[in-house]
């Protein structure tokens, strides 16, 4: 249809509120560092499992991919998301003011708003590239260790 039902609107509002809460929560430095260390630890565990148990990981992934393509792609989201979270957290540590969206009544406020928006866009793009790079390198390492590359 061309319009959303009330249920879809409520679901979208809940999703937006949850995402806004997550982004606002990342402005807290202690929560941001905790989130970063958890993501790094999980990523290290993932990499070590691929390096030391590459045959087991390859066999299990092929079984998941054979059972359902959606599950196999869902498993690939894990290294993608971890790389994204690590890169985004590091960028938030470096640039803590990127999510401030308030226009002020200063003379150059629209220019400052636009420069923050561009910085925010580049950080999201950089974070996506970090996630893709993590996933691709993990796949290539697994293929190389199993002599399939």
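Values in this text are rule-based calculations from the coordinates and carry no lab data. Given the structure is predicted, the values throughout are model-derived calculations rather than measurements. Please note: Cβ atoms are built from the backbone with ideal geometry, for glycine as well, and neighbour counts cover all protein chains shown.
Quick notes on this one:
- With R₀ fixed at 22 Å, the C-beta to C-beta distance from residue 117 to residue 94 puts the FRET efficiency at about 0.80.
- Counting only alpha carbon atoms, the long axis of helix 109-145 and the longest principal axis of the chain meet at about 0°.
- Entry for the chain at q = 0.10, 0.12, 0.16 Å⁻¹: log10 I(q)/I(0) = -0.52, -0.70, -1.01, Debye formula applied to identical alpha-carbon scatterers, no solvent contribution.
- When the chain is treated as a GNM with alpha-carbon contacts under 10 Å, the residue of 84, 126, 52 showing the greatest mean-square fluctuation is 52.
- Rounded FRET efficiency, nearest 0.05, which uses the C-beta distance separating residue 7 from residue 53 and R0 of 41 Å: 0.40
- Contact order, relative form, for the range 29-145: 38 percent (alpha carbon pairs under 8 Å, 6 or more residues apart, mean separation divided by residue count).
- Directionally averaged projected area (convex hull, Cα atoms, the range 7-82), nm²: 6.8
- 0 to 90° range, to nearest 10: angle between helix 6-25 axis and the chain longest Cα axis: 90
- Angle in degrees between helix 69-94 and the longest Cα principal axis of the chain, rounded to the nearest 10: 50
- The stretch between residue 81 and residue 68, if pulled fully straight at 0.36 nm per residue, gains 2.6 nm over its current Cα-Cα span.
- Note on the chain: GNM, Cα springs under 10 Å; of 135, 81, 17, the largest mean-square fluctuation is that of 17.
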